[in-house]
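The values are calculated or read from the model by the stated rules, or taken from the named source; none is laboratory data. These numbers were taken from a predicted model, which means no experiment stands behind them. Here Cβ is always computed from backbone atoms with ideal geometry, including for glycine, and neighbour counts include all displayed protein chains.
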Amino acid sequence: NAGVTQTPKFQVLKTGQSMTLQCAQDMNHNSMYWYRQDPGMGLRLIYYSASEGTTDKGEVPNGYNVSRLNKREFSLRLESAAPSQTSVYFCASTLIGGSNQPQHFGDGTRLSIL
Amino acid sequence: SQQGEEDPQALSIQEGENATMNCSYKTSINNLQWYRQNSGRGLVHLILIRSNEREKHSGRLRVTLDTSKKSSSLLITASRAADTASYFCASGASGNTPLVFGKGTRLSVIA
């Protein structure tokens, strides 16, 4: 009964390093999302995948890339990390796309970039 | 830009009291959702209210929606220390547009 699993839970990078954040869900959901959460800013959508094989930009996509590897997995890549990308990253999923149903969240990856 | 805005930003109450949090949004919505986030954890869905509904209950939670004022409120009755968390509203437009989350209200319930 894992739900949404994110790995790693914590990571420290140096400026310019690359990193892939992993997300997997076991609920047979079609849609998956990546958010970042910064103090006082709430959650901001980076990218989402409404269904396997599709990805779309959210509110803050610059500096990130995503891959919907299969129905279960949706990864987020930082090609050249910058201190401004220090944040907590959350992955979420829903059964179908759109906004008419609850999102299920993982417990986040806490990323620090020095 | 973010659509939902919660008020107040922070709220501190005594155990047993009621807690009310408000959310305002800017454009037409299909539904509005409330989530809770405990420290160090992901968000957990609490309740969804559709645009044609005015009030919804779930246990000690009561959510109202006023589409004419573009606002919603979350009431937690008889609060407990375990209710200490951040609470977020999220607004959903029609079609395939993703949810838009507000900045949240930090609730502290003091035993």
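Annotation: A:GLU59 fulfils all but one of (1) charged (D, E, K, R); (2) under 25 Å from B:LYS103 (Cα atoms); (3) modelled with pLDDT of 95 or more; the unmet one is (3). Scanning segment A:30-78 for residues that are in contact (Cβ under 8 Å) with a residue 60 or more places away in the chain, among the polar types (S, T, N, Q) and touching a Lys or Arg at 6+ places or on another chain (Cβ under 8 Å) turns up A:ASN30, A:GLN37.
Would you say A:GLY98 is surrounded by 15 or more Cβ atoms within 10 Å (Cβ to Cβ), in contact with a Phe, Trp or Tyr (Cβ under 8 Å, 6 or more places away or on another chain) and within 11 Å of chain B (Cβ to nearest Cβ)? Spelling it out, it is not the case that A:GLY98 is surrounded by 15 or more Cβ atoms within 10 Å (Cβ to Cβ), in contact with a Phe, Trp or Tyr (Cβ under 8 Å, 6 or more places away or on another chain) and within 11 Å of chain B (Cβ to nearest Cβ).
Apart from one condition, A:GLY108 fits all of (1) within 8 Å of chain B (Cβ to nearest Cβ); (2) more than 26 Å from B:ASP7 (Cα to Cα); the exception is (2). For first residues located in segment A:1-15 and free of Cβ contacts under 8 Å to residues at least 40 places away in the same chain, partners that are surrounded by 11 or more Cβ atoms within 10 Å (Cβ to Cβ) and acidic (Asp, Glu) and lie 6+ apart or on another chain with Cβ distances below 6 Å form the pairs A:ALA2/A:ASP26. Residues that are among the polar types (S, T, N, Q), farther than 18 Å from A:GLN37 by Cα and touching a Leu at 6+ places or on another chain (Cβ under 8 Å) within segment B:34-56 comprise just one, B:SER51. For beta carbons closer than 8 Å, sequence separation of 6+ or different chains, a first residue in segment B:76-102 that is under 22 Å from B:GLY40 (Cα atoms) and within 8 Å of chain A (Cβ to nearest Cβ) and a second that is of a type in the set (Lys, Arg) and part of a loop (DSSP other than H, G, I, E, B), the qualifying pairs are B:PHE88/B:LYS103. Would segment A:61-73 turn up any residue that is of a type outside the set (Ser, Thr, Tyr), within 27 Å of B:SER51 (Cα to Cα), within 14 Å of chain B (Cβ to nearest Cβ) and assigned to a loop (DSSP other than H, G, I, E, B)? Scanning segment A:61-73, I find no residue that is of a type outside the set (Ser, Thr, Tyr), within 27 Å of B:SER51 (Cα to Cα), within 14 Å of chain B (Cβ to nearest Cβ) and assigned to a loop (DSSP other than H, G, I, E, B), so the answer is no. Restricted to strands (runs of 3 or more DSSP E) entirely inside segment B:12-111, those with at least 1 residues that are among the β-branched types (Val, Ile, Thr) and touching a Pro at 6+ places or on another chain (Cβ under 8 Å) are B:105-110.
One line per residue, one yes/no per condition, for (1) among the hydroxyl-bearing types (Ser, Thr, Tyr); (2) farther than 10 Å from A:GLY108 by Cα:
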site: A:ALA2; (1), (2): no, yes
site: A:THR7; (1), (2): yes, no
site: A:CYS23; (1), (2): no, no
site: A:MET32; (1), (2): no, yes
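A:GLN101 meets each of the listed conditions (1) more than 22 Å from B:ARG36 (Cβ to Cβ); (2) touching a strand residue (DSSP E or B) at 6+ places or on another chain (Cβ under 9 Å) apart from (1). The residue that is nearest to the other protein chains (Cβ to nearest Cβ), counting only those in segment A:25-60 that are among the aliphatic types (A, V, I, L, M) and within 16 Å of A:CYS91 (Cβ to Cβ), is A:LEU43.
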